[in-house]
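Undergrad: First, the structure itself, so that you have it in front of you.
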Amino acid sequence: MLVLITYDVSTMNSEGQKRLRKVSKICQDYGQRVQNSVFECIVDTTQFAVLKMKLLDVIDQNQDSLRFYQLGNHYRNKVEHIGIKESIDLEGPLIL
């Protein structure tokens, strides 16, 4: 299923900057960055649960926010892209 993850991490101090880097790294392990704080991740139910737990362990819920949009398995007709920075088809063939 495709999950869109957006986040806003407070970077007013060094702890927040560290949290921001950790959140970004975790998301990169599961998907691709499509905007500064937005990732598209193709995961199964178990991977999504693990990803969510990892992110919840990092953020400070009093200062930061996370949003998860579950677009499901039939997401291709739900996503439209206009402009530069085309996204990579994570389910497509790898061409080396």
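The values are calculated or read from the model by the stated rules, or taken from the named source; none is laboratory data. Owing to the predicted nature of the structure, the values given are computational and were not obtained by experimental measurement. Here Cβ is always computed from backbone atoms with ideal geometry, including for glycine, and neighbour counts include all displayed protein chains. Heads up: the accessible areas ignore ligands, DNA and RNA and are worked out on the full protein's heavy atoms, side chains in. Shrake-Rupley method; radii C 1.70, N 1.55, O 1.52, S 1.80 Å.
Undergrad: May I ask you to verify whether residue 16 is closer than 26 Å to residue 79 by Cα and small (Gly, Ala, Ser)?
TA: no
Undergrad: Right, something else. Which members of the range 1-31 meet the condition of being in contact with a Leu (Cβ under 9 Å, 6 or more places away or on another chain) and among the polar types (S, T, N, Q)?
TA: The answer is 6, 10, 11.
Undergrad: Additional query: Could you list, in sequence order, the residues of the range 7-33 that are part of a strand (DSSP E or B) and open to solvent by 30 Å² or more (accessible area, probe 1.4 Å)?
TA: Hits for the range 7-33 are 8, 33.
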